[in-house]
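**Q** A single structure is presented below for examination.
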Amino acid sequence: MKILKLLFILIPFLSFGQQGNIKALDINLSNYEYPFPVHFIELSNQRQYMKMSYMDIIPENYNQKNIVLLHGKNFNGAYWETTIKALAKEGFRVIVPDQIGFGKSTKPDNFQYTFQQLAENTKKLLDHLGIQKTTILGHSMGGMLATRFALMYPETTEKLVLENPIGLEDWKLVVPYKPVDWWYESELKQNYENIKQYQMANYYDGKWNANYQKWAELGAGWTTAPDYNIVAWNSALLYDMIFTQPVLYEFKNIKCPTLLIIGTRDKTALGKPLVSEEVRKTMGNYAELGKKTQKAIPNSKLAEIPNTGHLPHIESFDSFIKPLIVFLK
């Protein structure tokens with residue numbers, strides 16, 4: 001085992017047979033290039049200073065409208081590349097942060113993660129950029145964060161877009177609680193094959209292609225880093241945040257126009273391995289959850305994308321971007 005760990009440190013590329021070569025990445029992705037220039041803002045949170053990375057794309061045909069893209073739990077700002085280009089082409093200024101604990105941002109040794117803290121950090125970024133009004137778009141876990149942001153800062157949130165957000169149901173009602181240490185041990189076991197199998201089964205209906213591959217490789221790249229344990233610990237803390245801080249009970253309080261973009265094949269739900277088969281069948285039914293959520297959020301619209309899973313902006317981009325542009329305009 002020690003020999004394997006040493007090899008992971010020394011070999012910059014890891015071969016997984018026909019799956020291709022996985023580039024080893026440090027935990028702040030300093031050796032991974034994002035699609036647009038990356039900037040940093042320094043934050044003071046919980047008696048420590050941290051850097052929050054972000055991309056800020058201002059097109060030449062800027063229409064004075066802004067949109068913030070919030071990434072999901074298993075991703076970072078880089079996976080918005082195609083979305084950024086399409087929105088910038090339409091004249092929108094696009095701000096794409098990596099939240100603390102993700103992507104190129106700081107991975108603290110210890111941090112009390114709350115959606116309120118992440119929302120406040122995002123607001124500090126917007127204040128730093130001088131942005132007073134914006135659309136907030138969140139995917140997956142980013143949808144929970146986007147909801148919290150809209151509730152905390154209604155004067156800033158012109159419109160809200162939720163793309164296959166998690167947390168449309170309260171999993172702690174059916175999933176037995178697992179402590180942070182349990183999640184940490186689970187995260188330490190992550191590798192490319194585990195990530196690929198999970199994404200293929202849960203995101204892409206058993207299918208796989210080069211576009212899906214690159215995002216799995218990005219996630220797997222830093223599992224080989226000598227200090228991956230710090231990433232794993234942050235991930236464990238984030239799982240605890242997601243399970244214990246539901247936002248769905250406050251959907252009725254959202255004041256801005258809202259668009260739900262839902263890939264109806266999605267079955268994503270945290271904690272499925274911890275429940276019975278009978279309970280598992282009731283979890284993550286987005287074809288039903290999208291309609292239920294649309295009824296719960298005042299002044300909301302629902303754009304359903306058939307035969308699409310958890311990542312519409314990756315799997316079915318044209319079907320994702322069309323209703324988004326219409327809603328924004």
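**Q** Quick one: which residue in Lys196, Lys159, Lys178 is surrounded by 14 or more Cβ atoms within 10 Å (Cβ to Cβ) and touching a Cys at 6+ places or on another chain (Cβ under 6 Å)?
**A** The conditions single out Lys159.
**Q** Also: Just give me the residues in the range 286-329 being small (Gly, Ala, Ser), surrounded by fewer than 20 Cβ atoms within 10 Å (Cβ to Cβ) and part of a helix (DSSP H, G or I), in sequence order.
**A** Of everything in the range 286-329, those that are small (Gly, Ala, Ser), surrounded by fewer than 20 Cβ atoms within 10 Å (Cβ to Cβ) and part of a helix (DSSP H, G or I) turn out to be Ala287, Ala296, Ser319.
**Q** Follow-up. When both residues are 6+ apart or on different chains and their Cβ atoms are under 8 Å apart, which pairs have a first residue that lies in the range 88-102 and is hydroxyl-bearing (Ser, Thr, Tyr) and surrounded by 24 or more Cβ atoms within 10 Å (Cβ to Cβ), and a second that is modelled with pLDDT of 95 or more and part of a loop (DSSP other than H, G, I, E, B)?
**A** Final answer for the pair search is none.
**Q** Going by the conditions given, is Asn211 surrounded by fewer than 15 Cβ atoms within 10 Å (Cβ to Cβ) and on the phi > 0 side of the Ramachandran plot?
**A** Answer is no for this residue.
**Q** Okay, moving on. Please name all residue pairs, on different chains or six or more residues apart, with Cβ atoms under 9 Å, provided the first residue is in the range 207-224 and is farther than 18 Å from Gln190 by Cα and the second residue is part of a loop (DSSP other than H, G, I, E, B) and not hydroxyl-bearing (Ser, Thr, Tyr).
**A** Correct list of pairs: Ala210/Gly20.
**Q** Right, next: Quick check on the range 103-132: of everything there that is open to solvent by less than 30 Å² (accessible area, probe 1.4 Å) and among the aliphatic types (A, V, I, L, M), which residue is nearest to Leu238 (Cα to Cα)?
**A** Filtering first and then ranking leaves Leu118.
The values are calculated or read from the model by the stated rules, or taken from the named source; none is laboratory data. Everything numeric here is computed off the predicted structure, so don't read it as measured data. Cβ sites come from the backbone with ideal geometry, for glycine too, and all protein chains shown count toward neighbours. Just so you know, the surface numbers come from the protein's heavy atoms only, side chains and all, with ligands and any DNA or RNA stripped out. Shrake-Rupley method; radii C 1.70, N 1.55, O 1.52, S 1.80 Å.
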